[in-house]
Every structure is written in structure tokens, then in C-alpha cells.
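Okay, handing you the structure first.
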Amino acid sequence: MEEYISAFQFEGDIVEVSPYGNGHINDTYYVATTENEYIVQRINHYVFKDPALLMRNYRLVTDYLKAIITRQHKDPSRETLTIIPTKDNQDFYQAPNGNYYRAILFIPNTVSLETITNAQDFYKTGLAFGHFQALLKDFDASQLEETIPHFHHTPSRYQTFLNVYAQAEKSKIATAKKEIDFVLAHEEDARTLYEMYTRHELPLRVTHNDTKLNNILFDKTSMEPLCIIDLDTVMPGLVGYDFGDAIRSGATFAKEDETDLTLVKLELDLYEAFTRGFIEGAQGILTAAEIASLPLAAKTMIFECGIRFLTDYLEGDVYFKTDYPLHNLVRTRTQFKLVEEIEKNWAKLQALTQSH
Ligand code: ADP
Ligand code: GN1
Ligand code: MG
């Protein structure tokens, strides 16, 4: 057996270890023993430069959520993540080869969705992510450190793109010409939300920052959202980051790597359902300015994600997992198509946001 599996305090004897899930960052394994089920993850330390710092945040956030969920007489072992310590009582294991691993309880009888199929599921997703904001509203943000500095600092994502573009291979630049021009023509869109924050129009909160649809587990029986997972990027942020990234991944029926761009549309009824759920789930904590910023945040997060995919394509696929050479460019195209869809529907998005 791999030594990183035997490092943890698992109950029973190991009967299965298999790769699991579709995350773009960590390596995830399902582990079954004679007594229980677990998830083991190799923490991607190219992305998360300081896994010990990351696991300190993870511990603080999961302990905080567990206390609230327990007070509400709900089941903390299903509604948030549970760290399984190593045999020497650490929250992660550092292997001799320099890799870092953590183990958490597997939450059985759940599914994560890669694409949404109906507005009701997305309304409930909105409720869950909005509620996550409400749960963390009194969490002391100063306890958390940045696991990825400037993660949603869109102007610095733009600058990184420029730096990588300046050094990129000619052949890649040629293949991505249209997408590069798109970024350059939208330079202002990398700044607007950030400038609202620097003018103190939007408060800093504790946000999830990676609210992609497959980072929520639904109960397989009831199809109710049960648990928000992938807590690696919980850190101070704007509420619009969480709203925007969920819209990016869920307000369309298309996959993130759909190659037929005619299928990549922003579905207004999905957008409306998520907005309604998100605002309701946040239970009154959002300011009027935050609510008004939501369409802009959606546009900004989608644009930013497209910039990140394009940068990674130009840099040689060093960040996101890819299945084929053009994968990051294909992902870039879906994101920029969604930005165009947002632009096309801008007045409608503003109006429906204000109606909540
Ligand atoms: P990544 O950072 O690579 O996205 P995630 O933490 O999101 O990794 O995990 C990848 C996938 O594994 C998730 O989308 C989900 O399907 C599954 N998963 C992760 N944690 C659990 C868990 N505790 N119980 C059940 N499934 C899980
Ligand atoms: C990554 O880890 P995962 O697959 O949930 C990325 C997000 C991107 C997303 C795009 C830590 O999310 O920021 O929006 O891919 N996570 C990190 O699919 O970079
Ligand atoms: Mg994930």
C-alpha cells in the first residue's frame, strides 16, 4: 500500500483506493476500509505554495462550521468536511518525496454535478452558497491567511497574462490570436470591480472563492445541497467572487470545455434562479451595493477565469489539469463566449438583480 494511505488514522483495513472526482487542482482518491470511507488528496503544492498554512485555514474553517452545524442540531459529519488526522495527530502528511496529503471523511450517498440541468437545482445551489456567506459572517477574517495571494485580484491576473504573453511561443500566440485580442480589448473589465473595492464601496468578507458547481455535494436521495466542499481557497474576499464563479459554472447548460460554442449560452432563467437563491440564502447580510455589484462580479469572474485558462495555455499548461493540448484554449473560448453573453443581456441582468 502507498505510504501516504497508511499515514492516517483510518478505522479498519484498507479495501480500495481509486482516483476520484473531476477537480482541476488536487489529486483526489476514494479510500474504502472495512469500517468506513474516506477521501485522500494530494495537495497541489505548485498551486498552494504553503500547504501547512492552507491546512491551518482548513482546520479553522471546518471547526467553526462544525460548531454552528452542531448547534443547529444537524449532522456536522455530512454538512461539512471532517479532517482525519495522521497517526501522529497532524492535519496533513508530508511524504519523504515532498508531496503533501490530507484525508477527510467521504460523504456517502451524495453527487456533485458537472453541469446543471434545471433551474430548481440551481436555485438551491444559490441558497447553499448564499447561506455559506451567512454562516461565515462573524468569522474573524484576520485569522485566515491567503492560500493563494491575489487569487481574485483581477488586475494582477491581467498583468500576469501580459507577462506570459510577452514570453510565449509564437505558435501558441498564433493559435490563440482571437482570444488574446479579446483580453486586450476588455482590459477595463479587469479593473472595474476591484476599483469599487478600493473605493470602499464593497466590504471584505470571508468567502469561498471557488464556488464552481462541482464543489457542492447534493444528497443523492433528496437532491438537496448538503455540503460545500473544496475549502482550500476560503479566505477574505468579495461576496461577488462567490456569486460570480457559481454563475460561471452553472448558469449555462454547456460544459466548461464545450467545443461547440453555439451551445454556450447564458441561461437567464438559471441566472435568475441562482440570484434569488443566493440573496435569500444570505439572509439579509448583503448591502445594497453588494447586490447591485452581482452582475459585474459575474462578468469579472468569468473574464478572469478565461484569462487564467489562456495564460495557462500560453505558459504550457502548468496550473490546470488538462486532457489534451488545446484543452485550456477550449476552456478559454467558453468563458469568453459567456462574457459576450453577459454583455448582450446586461440590461436584463441589471433589472432582474434589482428585483430581488
Ligand atoms: P479539487 O481542488 O481538485 O477541485 P475537490 O476537493 O473539489 O478537489 O475534490 C474533487 C472532487 O472529489 C469533488 O468535485 C467531489 O466530487 C469529490 N469529493 C471531494 N471531497 C469529497 C467528500 N468529502 N465526499 C465525497 N466526495 C468528495
Ligand atoms: C479550479 O479546484 P477546482 O477544479 O474546483 C480553480 C478555480 C477555477 C476552476 C475552473 C484553486 O477549481 O479557481 O475557477 O478550476 N481552483 C484553483 O474550472 O485555482
Ligand atoms: Mg473542486
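For the chain, restrict the atom set to alpha-carbon positions and state the Rg and Dmax in Å.
Using the Cα atoms of the chain, the pair Rg, Dmax is 20.1, 59 Å.
Quick check: convex hull over the Cα atoms of the range 204-322, volume per residue in Å³, rounded to an integer?
In the range 204-322, the Cα convex hull volume per residue is 136 Å³.
Can you pull the percent of Cα pairs in the range 2-107 with separation above 18 Å?
On the way: 2800 of 5565 pairs.
Result: 50 percent of Cα pairs exceed 18 Å.
Another question, then. Can you give the angle from 0 to 90° between the axis of helix 119-135 and the longest principal axis of the chain, with both taken from C-alpha atoms, to the nearest 10?
Orientation of helix 119-135: about 70 degrees from the principal axis.
Next up: With n ≥ 4 as the cut-off for DSSP H runs, can you work out [θ] at 222 nm for the chain, using -39500 (n - 2.57) per run divided by the number of residues, rounded to the nearest 500? Please report the intermediate quantities before stating the final value.
Values: 14 runs with 162 residues, N = 356.
Estimated from H runs of four or more residues: -14000 deg cm²/dmol.
So what's the convex hull volume per residue for the Cα atoms of the range 61-220, in Å³?
Cα-based convex hull of the range 61-220, divided per residue, equals 213 Å³.
Based on the mean of other Cβ atoms within 10 Å per residue, sort peptides 349-356, 240-247 so the most packed one is first.
Values: 349-356: 15.0, 240-247: 27.6.
Result, highest mean first: 240-247, 349-356.
Could you run the Karplus curve 6.51 cos²θ - 1.76 cosθ + 1.60 with θ = phi - 60° over the range 164-177 and give me ³J(HN,Hα) per residue in whole Hz, x for Gly and Pro?
5, 4, 5, 9, 6, 5, 4, 5, 5, 4, 5, 5, 9, 3
List, in order, the whole-Hz ³J(HN,Hα) value for each residue of the range 40-55 obtained from phi through the Karplus relation with A = 6.51, B = -1.76, C = 1.60 and θ = phi - 60°; use x for Gly and Pro.
10, 10, 7, 6, 6, 8, 6, 7, 9, 5, 10, x, 5, 4, 4, 6
For the chain, which whole percent of the accessible surface, found with a 1.4 angstrom probe, sits on carbon and sulfur atoms?
51 percent
Here is a further query. What does the accessible area per residue of the chain come to in Å², with a 1.4 Å probe and no ligands, DNA or RNA counted? Each step should come with its number before you reach the end.
Working: 15320 Å² over 356 residues.
Here the per-residue accessible area is 43 Å².
Lysines near residue 299 by alpha-carbon distance under 25 Å, same-chain residues fewer than 8 away left out - which ones?
124, 137, 177, 178, 212, 255, 265, 321, 337, 344, 348
For the range 69-99, list residues with backbone N below 18 Å from a point placed 7 Å from the Cα of residue 50 toward its Cβ?
In the range 69-99, the label zone of residue 50 (backbone N under 18 Å from the point 7 Å along Cα→Cβ) covers 91-94.
The values are calculated or read from the model by the stated rules, or taken from the named source; none is laboratory data. Keep in mind that this is a model prediction, so the values were computed, not measured. Please note: Cβ atoms are built from the backbone with ideal geometry, for glycine as well, and neighbour counts cover all protein chains shown. Each accessible area value is taken on the protein alone, full model and side chains, heavy atoms only, with ligands, DNA and RNA left out. Shrake-Rupley method; radii C 1.70, N 1.55, O 1.52, S 1.80 Å.
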